[in-house]
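Below is one structure; the comments refer to it alone.
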Amino acid sequence: MTSHEALPEGFLFGASTAAHQIEGNNTTSDWWAFEQRTGSFLPEPSGDAADSFHRWPEDMDLLAGLGFNAYRFSIEWARIEPVRGRFSRAALAHYRAMVEGALARGLTPVVTLQHFTLPQWFAEAGGWLAPDAAELFARYAATAAAEVLDGVRYVATVNEPNILARMHSIRQRVTEGGAAEGDIDRIEPGEDITQALVRAHRAASAALREADPRLLTGWTVASLCFYPVEPGAEATVAALARRREDVFTEAARGDDWIGVQAYTRAPVGVDGPVPVADGVRTTIKGWEYYPQALGEAVRRTAALVGPDMPLLVTENGIATADDTERIAYTTEALAGLAAALRDGVDVRGYLHWSLLDNYEWGSYRPTFGLVAVDPETFERTPKPSAHWLGALAREGRLA
Ligand code: BGC
């Protein structure tokens, strides 16, 4: 297809969110506990976030009204199982209503079971490294399948297991006092946490399939787009890509689909990752402005998982206060996606990050939203980018 050609029938075109980043008051989660700790290095806590716990109908109305046909959101394990083995009927009913609400509005739900946050009890009991972690996660997945997910097709078990694994290993090294500030970029995801996440993913996928064979299970991997900036850095790029990304992508073989999440690219020297060079155009996150990341990421992922596995772009977007820049970035990203589709890469959907300006894991400053949220009144205001992208979705094209 050229970027002006019609998208394939059934292409999912929508936006993504994650529970902790928009719901507010996710008080039984490990992130909430972390945010409250004195001496926490996070600039600000999540608080009420965008109050989407109460305002999700309005969010879905907006999304559907703008022209989109899909919504990726996550359900919160910490709310569903706030105490080990005790499932909250109210929380299950809440998320069931969201699934029904999406379907009723013509939005295909893409549901994530775990997006960075864990129940505090699970974290305290050893988190993913506890001997029964996979079993506990699978029990939660089975409960979700039985009580929440009827009518859903795409379910993601874990969001960005590769980022999660690195965050875990960084936290471990920092708490053990073994990492100086400058070392952090060099910390690799440990083999123990990597394998624990793969086990948890497989156990949850099996539980989901057993509960409802119609569910399509997968997980969503962060595409890091490492590239060499020094002569001789190619081998370092290959080693970094393998440990920080490819093992997680390859673990998706056997799944029904894989999620691709791409924002930027990452420069690498002979000894490892290096900071983005001075003078390079960056976003509020300090990431290089690099819309080509999306096209590169879907091609790279497809090459690793093979031609038979469908891809969904589950995140792509930009943190910027300038909405014109968001449109420019996304235009170019979509052109890269269109070229990949034209070359036969089997991409079934594009879900923009993010529907709303939200809590960016420590700060509200990086604004990724198509829709602005007033922090006091929670009033939602779609930005020009929301109308622009929604029109493309409605017309079923990428340009
Ligand atoms: C995460 C999101 C996050 C986004 C932008 C991804 O790593 O899945 O939760 O907000 O990137 O930083």
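The values are calculated or read from the model by the stated rules, or taken from the named source; none is laboratory data. No experiment lies behind these values; they were computed from the predicted model shown. All Cβ positions, even for glycine, are placed from backbone atoms using ideal geometry, and neighbour counts span all protein chains on display. Note: areas computed on protein heavy atoms with side chains; ligands, DNA, RNA excluded. Shrake-Rupley method; radii C 1.70, N 1.55, O 1.52, S 1.80 Å.
In region 211-249, which residues are among the hydroxyl-bearing types (Ser, Thr, Tyr) and within 21 Å of residue 347 (Cα to Cα)? Quick ask: steps written out before the conclusion?
Filtering region 211-249 down to residues among the hydroxyl-bearing types (Ser, Thr, Tyr) leaves 217, 220, 223, 227, 236, 249.
Result: 217, 220, 223, 249.
For region 267-308, name all the residues that are of a type in the set (Gly, Ala, Ser) and closer than 26 Å to residue 112 by Cα.
293, 295, 297, 302, 303, 306
Exactly one condition in (1) open to solvent by 30 Å² or more (accessible area, probe 1.4 Å); (2) touching a residue at least 60 places away in the same chain (Cβ under 8 Å) is false for residue 279; which is it?
The one condition residue 279 does not meet is (2).
I'm checking my understanding of the structure. Among residues of region 3-58 that are assigned to a loop (DSSP other than H, G, I, E, B) and among the β-branched types (Val, Ile, Thr), which one is least open to solvent (accessible area, probe 1.4 Å)?
Among those that are assigned to a loop (DSSP other than H, G, I, E, B) and among the β-branched types (Val, Ile, Thr), it is 17.
Assuming residue 199 fulfils every condition listed in (1) part of a helix (DSSP H, G or I); (2) without any contact (Cβ under 8 Å) to a residue 24 or more places away in the chain apart from one, which condition is it?
For residue 199, the failing item is (2).
Conditions (1) of a type in the set (Gly, Ala, Ser); (2) modelled with pLDDT of 95 or more; (3) closer than 17 Å to residue 363 by Cβ; (4) within 16 Å of the ligand (Cβ to nearest atom), marked per residue:
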| site | (1), (2), (3), (4) |
| --- | --- |
| 18 | yes, yes, yes, yes |
| 24 | yes, yes, yes, yes |
| 29 | yes, yes, no, yes |
| 40 | yes, no, yes, no |
| 51 | no, yes, no, no |
| 57 | no, yes, no, no |
| 60 | no, yes, no, no |
| 64 | yes, yes, no, no |
| 68 | no, yes, no, no |
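Between a first residue in region 209-232 that is among the aliphatic types (A, V, I, L, M) and a second residue that is assigned to a loop (DSSP other than H, G, I, E, B) and away from the ligand (no atom under 16 Å from the Cβ), which pairs have beta carbons less than 6 Å apart while being 6 or more apart in sequence or on different chains?
If the second residue must be assigned to a loop (DSSP other than H, G, I, E, B) and away from the ligand (no atom under 16 Å from the Cβ), the pairs left are 216/153; 216/256; 216/257.
Within region 184-200, is even one residue more than 28 Å from residue 145 (Cβ to Cβ), modelled with pLDDT of 95 or more and of a type in the set (A, V, I, L, M)?
Within region 184-200, none of the residues are more than 28 Å from residue 145 (Cβ to Cβ), modelled with pLDDT of 95 or more and of a type in the set (A, V, I, L, M).
Those residues that are in a helix (DSSP H, G or I), surrounded by 22 or more Cβ atoms within 10 Å (Cβ to Cβ) and under 20 Å from the mean Cα position of the chain (by Cα), I need them from region 202-231; list them, please.
The initial filter retains those residues of region 202-231 that are in a helix (DSSP H, G or I), namely 202-211.
Still in the running and surrounded by 22 or more Cβ atoms within 10 Å (Cβ to Cβ): 204-205, 207-208.
Hits for region 202-231 are 204, 205, 208.
A quick yes/no check of all residues on (1) open to solvent by 60 Å² or more (accessible area, probe 1.4 Å); (2) within 18 Å of residue 109 (Cβ to Cβ):
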position: 134; (1), (2): no, no
position: 147; (1), (2): yes, yes
position: 166; (1), (2): no, no
position: 175; (1), (2): yes, no
position: 196; (1), (2): no, no
position: 199; (1), (2): yes, no
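Taking region 200-248 as the region of interest, how many residues are within 16 Å of the ligand (Cβ to nearest atom), within 22 Å of residue 139 (Cβ to Cβ) and hydrophobic (A, V, I, L, M, F, W, C)?
Total meeting the criteria: 1.
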